[in-house]
Amino acid sequence: MLQTLRWLVRPIAFLEACRRELGDAFSVRFLGFESPMVMLSDPETIRDLYKERDHALPPGRTFALQPIMGPRSVLLLEGGEHLARRRLMLPPFHGQRMRAYESIVRDVVAAEVERWPEEEPFALHPRMQRVTLEVILRAVFGVTDPARRERLAEHLGRLLMDTASPGLQFGVLLSRRLGGPDPLQRLEEQRRTIDAMLDLEISERRSDPRDDILSMLLAARFEDGAPMSDAEIRDQLITLLLAGHETTATGLAWTFDLLLRHPRALARLVDEIDTGSGDAYTRAVVAESLRLRPVVPLAGRRLASELTVGAHVLPPGTDVTPAIWLTHTRANTYPEPYAFRPERFLEGAPSTYAWIPFGGGVRRCLGAAFAEMEMRVALAEILRRRVLRPAPGTRAERVARRNVTFSPAGGTLVVALTRGRRSP
């Protein structure tokens, strides 16, 4: 009970205390789980964990996410079924196809910024959530009718809000341990309403394909020539929404929180944007933000074979996960590990498994490249149009739990001023 509460309420302090007292690898016990969860932070051990394709998902992910995402979600499938869908869904999120969506991100951000108040504090996180939801509705779902897009946004926003509560997570774990009603059941009616709306989009796109990701999923075929069913496509759309909306919005909120507390880094970024001298520093800012404030804290596996961790040999069936924030704050990998210093990513990239904000191996986030693109475009568009500063009386944001993410507790309160306009 105590470990679960510490993990839900003060996760960073809990992880730091474990590392300080127990070292690079340790196990924790959470309510509702039958066995301990082993947490790792050594990149070499994480590489050994992720390179083995046969390791399975930890049971907690399926239990918590299936009622929301659906049974055919690519996040929840195993083995050959997972790999087949991953191959089918990956192309739109990379290369030239992905770059075609940059203009959508730019337009959505520009429209959102025009609604911001001037010289008046507001929370940036919900504004970024609105941006990333709109981008998904346009680029992924391909909804062009404004009324339908607004209706979908309303229902999807409610689903996202209801799934974000730490109280929901605690309730799920408690009901699993003690029995009683499942808190996730009340979300099923919301999901049925959304499914009916998605069926309309799927039907329309079958008769009139477009350039959105939904149209590409409908046209995609498995190796045997079979398409995905409508029910499965609905599950994948909800998965892309839940995996790509909150994470990218939170990443942007954290990035601005860090930039506004580090004026030199912000000035260098604005200079790069204004002069059009490439995007190397923008990429470094995004990478450093995701290092210091990883949005998703865990990306675990259930072992299918033995894993050596230091002097220990973990048997098959053990639940193991990298503690991503601990991995990202190892002093031997990142000198001054708690400092926000984007320049470190200009001096040379870390090893593959020392920077894992999107997980790794065959289950690495499908939309990682899309998320980084969205963050870069949003940063540039916002800073071209507005001067931002921290709201008066605020401090650097504290980490808070929001569903499976680490989010800024206060929502990143800022004050904005149109560039070129003098402040009163």
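The values are calculated or read from the model by the stated rules, or taken from the named source; none is laboratory data. Keep in mind it's a predicted model, so treat the numbers as computed, not measured. A quick note on method: Cβ atoms are made from the backbone with ideal geometry, for glycine too, and the neighbour counts reach across all protein chains shown. All accessible areas refer to the heavy atoms of the entire protein, side chains included, with ligands and DNA or RNA removed. Shrake-Rupley method; radii C 1.70, N 1.55, O 1.52, S 1.80 Å.
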Dipole magnitude (debye, nearest 20) for the chain, charges at Cβ of Lys, Arg, Asp, Glu: 840 debye
Dipole magnitude (debye, nearest 20) for the range 46-167, charges at Cβ of Lys, Arg, Asp, Glu: 620 debye
Cα pair count fraction exceeding 15 Å, expressed as % - the range 184-242: 52 percent
Quarter of the Cα convex hull surface for the range 3-129, i.e. its orientation-mean projected area (nm²): 12.6 nm²
Dipole of the chain [Lys/Arg +1, Asp/Glu -1 at C-beta], most positive-end residue of 358, 123, 233: 123
Residue-span extension gain [residue 3 to residue 145] - 0.36 nm each, minus C-alpha spacing: 46.4 nm
Calculated P(r) tail over 16 Å for the range 316-417, as whole % of Cα pairs: 74 percent
Potential lengthening between residue 155 and residue 220 on full extension [0.36 nm per residue; Cα-Cα distance subtracted]: 20.6 nm
Difference of contour (0.36 nm per residue) and Cα-Cα distance, residue 398 to residue 13: 137.5 nm
Evaluated over the chain, the Cα radius of gyration and Dmax, each in Å: 21.4, 66
Pairs of alpha carbons in the range 359-424 whose separation is greater than 19 Å (percent): 58 percent
Vicinal HN-Hα couplings computed from phi for the range 232-247 (Karplus, 6.51 cos²θ - 1.76 cosθ + 1.60; Hz; Gly/Pro x): 5, 4, 4, 4, 5, 5, 5, 4, 4, 5, 5, 7, x, 7, 5, 5
Inter-probe distance in nm under a simple model that places probes 7 Å from Cα toward Cβ, at residue 87 and residue 275: 4.6 nm
Calculated SAXS-style log₁₀ I(q)/I(0) at q = 0.13, 0.19, 0.20 Å⁻¹ - the range 309-372, Debye, Cα scatterers: -0.49, -0.92, -0.99
Cα→Cβ-extended label distance, 7 Å offset, between residue 409 and residue 207, nm: 5.3 nm
Per residue value of the accessible surface for the chain (all protein chains in place, 1.4 Å probe), Å²: 44 Å²
Alpha-carbon Rg with Dmax, taken over the range 235-375, Å: 16.9, 55
The range 74-162 - Rg and Dmax from Cα coordinates, angstrom: 16.2, 54
Peptides ranked, highest mean first, by Cβ atoms within 10 Å: ranges 326-339, 368-381: 368-381, 326-339
